[in-house]
Amino acid sequence: MPEVAALQRIVGQPRVREFLEAAVLEGRLSHAYLFVGAPGSGKLDAAWALASCIVCPNGGDGTCDECIRVSHRTHPDVHLLEPASVVGYVVDQVHELMEDVQMAPMRARAKVYIVNRADLLRDRAANALLKTIEEPPAGVYFILLGRSVDAILPTIVSRCQQVPFRIVPTADGIAQLVRRCGASEVDAAVALAVAGTPERAVTYLGSPKRQEVRRLMVRTLSELPADDTWDVLRSADDLYTAVLDAAGMLDERGRRRKRDDVVKTEVRERTRDVEDYLSAAALRQLEVDARRTISARERSGMMEALAAAESLLRDCLVAREGAPGGITNQDAAATVEAIAARTGTDGLVRALEAVTRAGDDLAHNVTPQVALEAMLIAVKEALTCPPSSR
């Protein structure tokens, strides 16, 4: 079977890739898919790849303007929906989607709606979406992502083509990154630990700015025990600035841009060549989508920073306890050994708990820089817990 270029970005899921390739090449795409699998299995990456195939006039060649816009997350006809609250989707989100569905595509032949965490669609929101999925306008496609079909409204499940995703073993993910990117096994292991999925690890390895966030986090953790409170706050500010830089939210002088200015830039990019044909309502919806995209990009950068901290601290715990398997951050082995030597197991566990709390804080809309400051202060206190005698 011929390969579909856009779908080659689906890493570690050969059955999923082959299934979607057959659907694209044979012209039998479903109007609604449900990608099901555990976090880290690459469902969202696969959804973006499939969206490229849907809006591309050449079936996902991966090189045309439509595919490039999808890969940059700036295509005006591909929409990503995320839960608006910590408990799930609100019905207003679905009502906005229903209104947008009725509008014609802005530049492509079709429109795609990627609904992340579909398991958080509850009651009225789920029933409202069901009506749209049952009878969508021609040229409208839905890709729902969920952890388990058991948590999703059964009638929604029945209207979708289910696509199961497996967890990609770490060794397989590393091997794929080495083959695909020419990275060393050490760099591939770090990229997978920070980015979470092989596909995001590919883009991480191609982004010096995202790698700089991880480098800063490693340096910050190594210096924490000797830092005073002012140093910790400066480190949190540096880390957050690096996250914003990787998310495209700094100007050419390295200053933080106003969010409204970033939104305007995003909308201009999405509407290039079609701005004269858009209604006021369409532009307003684009601004809403742009704000969500920017927030998602910032949140993704923050989660990578936390993942870098978690990975390093887990390595310290492995080194401290002499656990088998070795460490992931081999390029920071000296830092791992130093922290493990001066910190007890209880302290390392508490430090890891502080990282987990920071993730929870972000999920509850705590300001990112405040979450970083609280985490680093807590980790500093934990890392001063000396080893107990044995």
With a cut-off of at least 2 residues that are out of contact with any Lys or Arg (no Cβ under 7 Å at 6 or more places or on another chain), touching a residue at least 60 places away in the same chain (Cβ under 8 Å) and farther than 30 Å from ALA189 by Cα, name the helices (runs of 4 or more DSSP H) lying wholly within the stretch 85-171. 91-101, 154-158
Can you work out which of the residues in the stretch 22-80 that are assigned to a loop (DSSP other than H, G, I, E, B) and of a type in the set (Lys, Arg) is farthest from ASP119 (Cα to Cα)? ARG28
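For the stretch 78-92, which positions are of a type in the set (Val, Ile, Thr) and open to solvent by 20 Å² or more (accessible area, probe 1.4 Å)? So that I can check it myself, show each step before the final result.
Of all residues in the stretch 78-92, those of a type in the set (Val, Ile, Thr) come to 78, 86-87, 90-91.
Within the stretch 78-92, VAL86, VAL87, VAL90, VAL91 qualify.
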Which one of LEU233, LEU244, LEU216 is within 21 Å of GLU82 (Cα to Cα), assigned to a helix (DSSP H, G or I) and modelled with pLDDT of 95 or more? LEU244
Go through ARG215, ARG200 for me and flag whichever is open to solvent by 20 Å² or more (accessible area, probe 1.4 Å), under 22 Å from the mean Cα position of the chain (by Cα) and more than 20 Å from LEU44 (Cβ to Cβ). ARG215
Which pairs do you get when a residue that is closer than 21 Å to VAL55 by Cβ and open to solvent by 20 Å² or more (accessible area, probe 1.4 Å), found in the stretch 4-22, comes within reach of a residue that is outside any loop (DSSP other than H, G, I, E, B) and at pLDDT 90 or above, reach meaning Cβ atoms under 6 angstrom, with the pair 6+ apart or on two chains? ARG9/ALA49; ARG17/LEU7
Determine whether the stretch 28-43 contains at least one residue that is out of contact with any Phe, Trp or Tyr (no Cβ under 6 Å at 6 or more places or on another chain), open to solvent by 10 Å² or more (accessible area, probe 1.4 Å), within 27 Å of MET303 (Cβ to Cβ) and of a type in the set (D, E, K, R). no
Determine whether ALA236 is open to solvent by less than 40 Å² (accessible area, probe 1.4 Å) and under 30 Å from GLN8 (Cβ atoms). no
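Conditions tested, residue by residue: (1) in contact with a strand residue (DSSP E or B) (Cβ under 8 Å, 6 or more places away or on another chain); (2) more than 25 Å from THR271 (Cα to Cα); (3) open to solvent by 10 Å² or more (accessible area, probe 1.4 Å).
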| site | (1), (2), (3) |
| --- | --- |
| ASP61 | no, no, yes |
| HIS72 | no, no, yes |
| PRO76 | no, no, no |
| GLU96 | no, no, yes |
| LEU129 | yes, yes, no |
| ILE143 | yes, no, no |
| VAL157 | yes, yes, yes |
Counting only residues in the stretch 261-277 that are open to solvent by less than 80 Å² (accessible area, probe 1.4 Å) and not hydroxyl-bearing (Ser, Thr, Tyr), the one modelled with the lowest pLDDT is identified as VAL274
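The values are calculated or read from the model by the stated rules, or taken from the named source; none is laboratory data. If you're wondering where the values come from, they're calculated on a predicted model, not measured in any experiment. Using ideal geometry, Cβ is built from the backbone for each residue, glycine included, and neighbour counts are taken over all protein chains shown. Only protein heavy atoms, including side chains, enter the accessible area calculation; ligands, DNA and RNA are left aside. Shrake-Rupley method; radii C 1.70, N 1.55, O 1.52, S 1.80 Å.
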